[in-house]
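For reference, the structure discussed in these notes is given below.
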Amino acid sequence: MSADTRPATADAPTANPPKRWMASMALAALAVNVGFFGPIQILLARQAEIVSAGSKESVLALVAGVGALCSMLANPLWGALSDRTTGRWGMRLPWVLGGALTGAGGLLLLATADSLAGMVLGWSVVQIALNAEFAALAAAIPDQVPVAGRGAAGGWFGLAQTVGVLIGTGLAVGGGDATGGSVFGGYAACAVFVVLATIPFVVLRRDVRLPSERRAPWDAKEFARGFWPRGFGSDFGWAWLTRFLMNLGNAIALLYLLYYLKDGIQVADPEGGVLVLTAIYATTLLSTVVVAGVWSDRLGRRRVFVLGSGVVMAVSSVLMVAWPTWAGAVVAAAVLGLGFGTYTSVDFALVTQVLPAATDRGKDLGVINIANTLPQVLSPVVAAPIVANLGGYTALYLVSAAIGLLGAVLVYRIKGVR
């Protein structure tokens with residue numbers, strides 16, 4: 001199929017894309033999330049322990065923080081470049097394909113790392129590359145999907161993240177087991193999946209083509225100013241802050257999940273425990289992520305869903321404090337899935353409705369994505385001293401609940417979306 005020639009500056013499409021496009025988009029998003037979460041859930045923590053068992057928490061925090069910083073900078077840059085990409089392949093597809101191939105190479109590089117410096121380098125390459133694919137896929141949704149269908153599209157995009165966590169964790173564990181407990185097998189399995197799952201979206205070749213005469217000139221100063229989300233008095237700014245706080249609360253809780261199971265409640269098989277909790281979380285999320293998006297589309301309301309999901313997610317963190325056992329962790333994982341499924345689909349749809357300009361969709365969605373990645377940079381800074389000196393895991397999960405709930409409440413500062 002040739003690239004769609006609809007002008008890239010159109011305010012919004014009026015007809016839904018074919019179902020095969022939606023399916024291939026979700027599969028490519030799944031590829032990105034396997035590349036992200038296989039390492040985050042299992043492999044980086046295991047590798048940090050191999051590199052320095054006595055300071056594994058600090059090693060993991062540094063690697064995760066540097067990688068998240070790379071992601072924070074790369075996503076808006078790739079988005080802005082895709083906004084200006086001309087050629088017969090369209091605006092987004094070159095970045096999807098290039099990001100997948102380079103990201104897979106970064107995973108293999110990371111698999112060979114045997115030092116802190118090697119881990120930082122490898123994870124930075126993965127983050128920079130896969131964010132090219134992620135930014136292009138996110139921008140493709142408002143390119144292709146009408147406003148009234150974006151809750152459902154956001155649901156499928158969010159579903160890809162959740163299933164990506166599950167598959168990435170499974171590949172990390174299974175690949176390691178298949179190679180005698182090494183991290184190489186886990187990284188290699190994730191790398192292969194990233195490439196294979198991206199192919200259908202690229203082969204379909206449905207994309208917006210930007211004529212060269214319509215390409216906006218590159219303005220480095222304007223791009224740099226765009227990292228600040230247009231002032232927190234705007235709907236775009238409040239949407240950014242809401243997402244930032246809810247993701248910060250979530251990141252604080254999840255960063256040390258493996259260590260919480262191992263050292264906090266002393267689960268006999270903590271790595272297997274992470275896989276079980278991820279499966280439970282994914283199962284309950286599946287029950288809400290698409291349904292909530294479709295329901296939100298039909299009602300024409302977004303904010304109440306975001307608020308409700310924030311309350312549910314806060315309850316999950318409180319359960320980790322009030323019931324610090326394996327059974328409590330299982331229930332908390334199930335509750336978190338219900339809340340995060342609703343949040344993921346509806347918040348994405350909400351964000352696409354407050355973007356400042358159709359011509360800068362990729363860049364502005366990249367700026368919004370900073371609200372996903374900056375918490376990964378800050379969460380080690382916040383979480384490490386809490387666990388070490390300020391109340392341990394009890395305080396950690398209470399702080400997580402409070403921050404996320406604040407973000408959910410602030411969604412009502414957005415006035416242009418119901």
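Data overview
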item: Residues that are of a type in the set (S, T, N, Q) and either under 13 Å from VAL194 (Cβ atoms) or at pLDDT below 90 (or both), drawn from the range 132-171; result: GLN161, THR162, THR169
item: Every residue from the range 289-315 that is crowded, with 17+ Cβ neighbours inside 10 Å and either hydroxyl-bearing (Ser, Thr, Tyr) or outside any helix (DSSP H, G or I) (or both); result: SER296, ARG302, SER309
item: Boolean, TYR343 is touching a Leu at 6+ places or on another chain (Cβ under 6 Å), in contact (Cβ under 8 Å) with a residue 24 or more places away in the chain, in a helix (DSSP H, G or I) and under 19 Å from TYR397 (Cβ atoms); result: no
item: Residues satisfying the stated conditions in the range 360-396, i.e. buried (at least 17 other Cβ atoms within 10 Å of the Cβ), out of contact with any Leu (no Cβ under 8 Å at 6 or more places or on another chain) and farther than 20 Å from ARG243 by Cα; result: ALA384, TYR393
item: In the range 230-288, the residues that are part of a loop (DSSP other than H, G, I, E, B) and not polar (S, T, N, Q); result: ARG230, GLY231, PHE232, GLY233, LEU255, TYR256, ILE265, VAL267, ALA268, ASP269
item: Test for ALA383: is it within 16 Å of ALA64 (Cβ to Cβ) and of a type in the set (Gly, Ala, Ser); result: yes
item: Filtered residue count, the range 5-41, keeping only those that are part of a helix (DSSP H, G or I) and modelled with pLDDT under 85; result: 2
item: Positions within the range 325-340 being surrounded by fewer than 22 Cβ atoms within 10 Å (Cβ to Cβ) and either of a type in the set (Phe, Trp, Tyr) or not in a helix (DSSP H, G or I) (or both), in sequence order; result: THR325, TRP326
item: Qualifying position, being in contact with a Pro (Cβ under 9 Å, 6 or more places away or on another chain) and hydroxyl-bearing (Ser, Thr, Tyr), among SER58, SER115, SER71, SER124; result: SER58
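The values are calculated or read from the model by the stated rules, or taken from the named source; none is laboratory data. This is a predicted model, so every value here is computed, not measured. When we count neighbours, we look across all protein chains shown, and the Cβ atoms used for this are built from the backbone with ideal geometry, even at glycine.
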